[in-house]
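Encoded as structure tokens, the structure appears first; notes follow it.
The values are calculated or read from the model by the stated rules, or taken from the named source; none is laboratory data. All figures in this text were calculated on a predicted structure; none of them were measured in a lab. We place every Cβ from the backbone using ideal geometry, glycine too, and count neighbours over all the protein chains shown. Just so you know, the surface numbers come from the protein's heavy atoms only, side chains and all, with ligands and any DNA or RNA stripped out. Shrake-Rupley method; radii C 1.70, N 1.55, O 1.52, S 1.80 Å.
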Amino acid sequence: MKAIVVGGTQRGVGKTTIAAALMLAFKRRGMRVKGFKIGSDFIDPLVHEHAIGVASENLDVYLTSERYAAERVASVADACDVCVIDGISGLYDGRDGMSEEGSTAHVAKLINAGVLLVVDCNAMARSIAAMIKGYREFDPDLDLIGVVFNKTGGDAHTIYLKDSLSAAGGGVEVFGGVPKDANAPVTGSGDGGGAPPPMSSTSASEVSTQQRIAHMATILEKNVNLDALLEAIPPYVPPELETPIVEDAQDDRRDRTREAEVRKSSKDKVRIAVARDEAFCFYYPDNLAKLEEAGAELVYFSPIAGDALPADIRGVIFGGGYPEFHAQALLKNRPLRSAVTAFATSGGVVYGEGGGLMFLSQTLSAPDGSCPRSMCGVAPFATRLTSAVKTGYVEVTIAPGNPLFTPGARVRGQTFRYSEIDGDRPSKMRVSDDNRGIGWGATYEVQPEAKFGNAAGGVELDGFAWNKVLVSYIHLHFGVNPSLAHSFVAACRSVGADASETAERAAMVSRRTLSRSFGPLTPVNSKKLVDGFSRSKSEEDFEQKSSNTSPKSGGVDSPPEKVKQLLPPRRARAMSRDFREFELDSAEGMGMFRSRSSASMQMLSSQIASKLSSSLPRKQANSELDLATQLYYGNASSTATNDHLHAPPQLQLPAPQLVGSIISLSPSATSVLFALGLGDRVIGVTDACLIPSDINVAPKIIARHSSGCSPTSSSGLGLAQRQSHNSLASNEQEYGGLHHNSSYGSLNRLMGKEKDSGLSSDKWALFDVNFVRHAEARLIFTPDTCEDCTDLRNSTAKYLHEADVFLTGAEYDSTDDGTIEFDGSRPSIFPVAPQTLSDVLEMILQIGILCGVKERAVTLLTQLRSRMRTIARVVSTCDERPKVLSLEGLKPLFVGGHWVPEMKSIAGGIDELQEPGCSAERLRWEQVLSYAPDVLLLIPSYIGRSSEETMEKTLEKLEHLASQPGWWVLPAVRTRRVFILAHEMFCQAGPQLVDGVEMLARIFNQDAFPMELPQGVCLKLALEDGRSCRPKQLRKHFVEWR
């Protein structure tokens, strides 16, 4: 065997491109080729594998040892003809500036290999001789067999450079020069800076990568004298390895003894699933080999291809990679995410490194926290991308409480990530000094390596564990500590078969109940979003249909030749507030941040549907419950407009209004205003707003969603509030009408075409336009209109325009110079449309800033977050996580979505039907039976109803629910875990949602949360076990539960 190390003068000179092309060129000559990569990089070994079809290994003397690296090369000497080792950074760049440790030159001398130096000759002439002579003379012990000029200006330039080096007495052979116009980079930026090349053999982008390597190999054959290069490579002579020291010999004996015990203890292999595709591709081959040696049968699957969790497994591994580039595909594979969560809850081994940690977290979001994508939800925290990469070596000591590795073991690893934990990470060790265990806790004591002359930092905590789940940002290498692999397999061997069976059932239920497609949202300006990554056919079909339907889109152009296919975001960029402005070289352009939530994903389809069915009459809500469900939980169209979203992270705040009156047309804003002590400034609300019962003078009801509600049935209102309800009806004659008849001529002209086309959408039954016009309010909070909206088809915008507090795009265009003078008398209009709990917290802060009480808002947020952290901490110690179904409507059946799934998850429940942030949707009774919930919550909402009235109406509808086939066989009914809850804590976004989370925590885990609930907020089915009753009699068996 011959061994050659391909080094470079610096990072980015093209050594990996030359090395991969060299491997393929040698393979074309019928030689057996093996590739290695110096350092801990994950990307370049994948490029080598694309070139020759053989897995490439890492040679890292810090992660392993000098002896280990030398043995790895020696082990392949009989199986290959030529070994090509890809260097790292510059030839002499090592771990510090004082030694060669870890450098390309260090490893080359360690394994007795010759070095081929790649020199970037772009815009260089005679100075090249000085550079090469310096590299040759810097270390006389290094066997520098020759150089290859890269990025030359042609044959004449190559000859010029050769002559310069010869005249200077360089003493180094030149094997050729590769012209610059022939360079087709295989990796993004070298040494692990790029994204992974595709893995699927059928993807178009993999064909492109292999074609580039093949093209470079052809160019190399034409411009480099490969025969002379092969002849110059000295035969490989294995280095004389020192005798292992006593500790190493003892470790080897222990490892061999352990291997024998494993083989003796079990004849069967332990099946362990390994996620391996473009999203999860960061694996050290040595680690996988050690697991197989320890008794593991590795079963590979692809999450982004839609694969399910393999059957009959005892553990699953999610390695590092780039899940952010494929977040949309991961989001669509909901059966897998449900299966992973169920597998972890049932005691299965789940291990995630880097990207695996991101996939196992709650959500993955953009750097500013926007655009969250739901992940598995196993880990108790969320993750978000960062603009800068964090890399470095670490030394890890396994602490007590680690479920997979032996406490006290020491191992080295590295970090390479573009993300961070968003929110509170577990800050304590999983097992305390008195050996008392907590829920989620740290099980790694991490010592970062000193870099660039700086001292090593203090000990950090990582390796967050719970049950048999372990997640970390650190990529461990098992090479010199095989005990890690043995203990991992032993942990998997202890898992029962029921964990895999539970995962399969969860995936089956998720597939049956999946009623929504999570396809990507195609932006209007699709030319700026040409996707360089391979996409599934369904995604391409969806985007093609969307672009063909949109009148502004001219179709998606074919990807250009120089697509930045393998580059992650490497520079700091301000996040755009417009989904049409994302660039290709950012995470947004790679398909992750094309929409904010499932609600915004439906925005495009709803717009298309409105255009295709514009002549059809709009279907109205057929019941009071339908109207309340749509109002409180909304749908896609209620939170999105034609060209922008109203989610809190997407909004720009207007100028704060420290004084002056406030009108709130949003129930969520109203609850926040009163929680912040701003009730005295609120002068107008809607009939859906909940007003505290201790308010003496309630604000005026200026808008109604339904004229059928009785004015005397508003929730928690005193006499003054009931009078304000009646005042709306009594003022109708005084103000000359409150609805369409009071429109101005300009409004009639603008709205005429909408009425003719059937596009008009009106959510208000009554709206006091004159009150809004004369109230001189400084702030108006709306559910669906902001100052940037220009479309009067939105009913709220229509009435605000009629009240002279809102301008349309047509009015801006009507002036001669296209401008309108600023009118300080007009109020600031701000939309309040939260979708998730994160949005609700952001909304509280925004309202506090706008009203000049930021300190109060911060104090309130601190209290709310502290309460939720306490709940999450207690829940993490609980063994049970029941499967929960909440019905926000009974006839027909509705699930509310939005923040409700998050509330259940924080409280310790599992919701497999909906994702956080999705809209309300109807359910079929067959879906309820298939889901088979452990806990059933009934939380219907009615506009203007008190808790007592709402719960009474729910009892009246129980007959319909109990008459459904299979009611008595539902697990929740059999165990009598059916509850009727007060709707105020769930239907409106605000601080009271945390009260709802505490209520759910008490319901799900009574022993862990012994506090009693407030009176009159919860009823529970109390029928004796084993008995049933007639549907009409069921309401008699619900009693108050605290």
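Residue by residue, here is whether (1) assigned by the TED database to the domain that holds residue 492; (2) modelled with pLDDT under 95; (3) at positive phi holds:
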{"site": "245", "(1), (2), (3)": "no, yes, no"}
{"site": "259", "(1), (2), (3)": "no, yes, no"}
{"site": "300", "(1), (2), (3)": "yes, no, no"}
{"site": "344", "(1), (2), (3)": "yes, yes, no"}
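Being out of contact with any strand residue (DSSP E or B) (no Cβ under 7 Å at 6 or more places or on another chain), surrounded by 24 or more Cβ atoms within 10 Å (Cβ to Cβ) and under 17 Å from residue 404 (Cβ atoms) is not true of residue 275. Residue count for the range 1003-1042 under the criterion of being of a type in the set (S, T, N, Q) and open to solvent by 90 Å² or more (accessible area, probe 1.4 Å): the result is 1. When restricted to residues that are part of a helix (DSSP H, G or I) and in contact with a strand residue (DSSP E or B) (Cβ under 9 Å, 6 or more places away or on another chain), the range 980-1028 contains 7. For the range 371-398, filtering for residues that are more than 15 Å from residue 333 (Cα to Cα) and in a loop (DSSP other than H, G, I, E, B) leaves 6. Using beta carbons and a limit of 8 Å, which pairs, at least six apart or on different chains, have the first residue in the range 993-1017 and at positive phi and the second one surrounded by fewer than 23 Cβ atoms within 10 Å (Cβ to Cβ)? Sorted first by the residue in the range 993-1017, then by its partner, the pairs are 1016/947; 1016/948; 1016/1040.
The conditions of being at positive phi and either open to solvent by 20 Å² or more (accessible area, probe 1.4 Å) or at pLDDT 95 or above (or both) are not met by residue 307. Yes or no: the range 21-28 includes at least one residue that is in a strand (DSSP E or B) and surrounded by 24 or more Cβ atoms within 10 Å (Cβ to Cβ). No: the range 21-28 contains no residue that is in a strand (DSSP E or B) and surrounded by 24 or more Cβ atoms within 10 Å (Cβ to Cβ). In the range 409-429, of all residues being open to solvent by 40 Å² or more (accessible area, probe 1.4 Å) and in a loop (DSSP other than H, G, I, E, B), the one that is farthest from residue 358 (Cα to Cα) corresponds to 428. Can you report the number of residues in the range 79-100 which are polar (S, T, N, Q) and over 18 Å from residue 116 (Cα atoms)? Here the count works out to 1.
Restricting attention to the range 910-958, the residues that are assigned to a helix (DSSP H, G or I), open to solvent by less than 10 Å² (accessible area, probe 1.4 Å) and not hydrophobic (A, V, I, L, M, F, W, C) total 3.
Whether a residue is acidic (Asp, Glu) and touching a Phe, Trp or Tyr at 6+ places or on another chain (Cβ under 6 Å) was assessed, and residue 57 passes this test.
For the range 891-903, the criterion of a residue being more than 25 Å from residue 468 (Cα to Cα), outside the structural domain of residue 337 (by the TED database), assigned to a loop (DSSP other than H, G, I, E, B) and of a type in the set (D, E, K, R) is satisfied by at least one position. Scanning the range 262-272 for residues that are modelled with pLDDT of 95 or more and open to solvent by 20 Å² or more (accessible area, probe 1.4 Å) gives a single hit, 271. Within the range 657-703, the residues that satisfy the criterion of being under 20 Å from residue 795 (Cα atoms) and in a loop (DSSP other than H, G, I, E, B) are 665, 666, 687, 688, 689. Evaluating residue 984 against the criteria (1) surrounded by fewer than 18 Cβ atoms within 10 Å (Cβ to Cβ); (2) of a type in the set (D, E, K, R); (3) within 20 Å of residue 889 (Cα to Cα) leaves one unmet condition, (1).
To keep it simple, each residue is scored yes or no on (1) modelled with pLDDT of 85 or more; (2) surrounded by 21 or more Cβ atoms within 10 Å (Cβ to Cβ); (3) aromatic (Phe, Trp, Tyr).
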{"site": "356", "(1), (2), (3)": "yes, yes, no"}
{"site": "374", "(1), (2), (3)": "no, yes, no"}
{"site": "384", "(1), (2), (3)": "yes, yes, no"}
{"site": "407", "(1), (2), (3)": "yes, no, no"}
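The set of residues in the range 959-976 that are outside any helix (DSSP H, G or I) and of a type in the set (Lys, Arg) contains only 976.
For the range 388-405, a residue qualifies if it is hydrophobic (A, V, I, L, M, F, W, C) and modelled with pLDDT of 90 or more, and the qualifying residues are 394, 396, 398, 399, 404, 405.
Going by the conditions given, is residue 177 at pLDDT below 90 and outside any helix (DSSP H, G or I)? The answer is no for residue 177.
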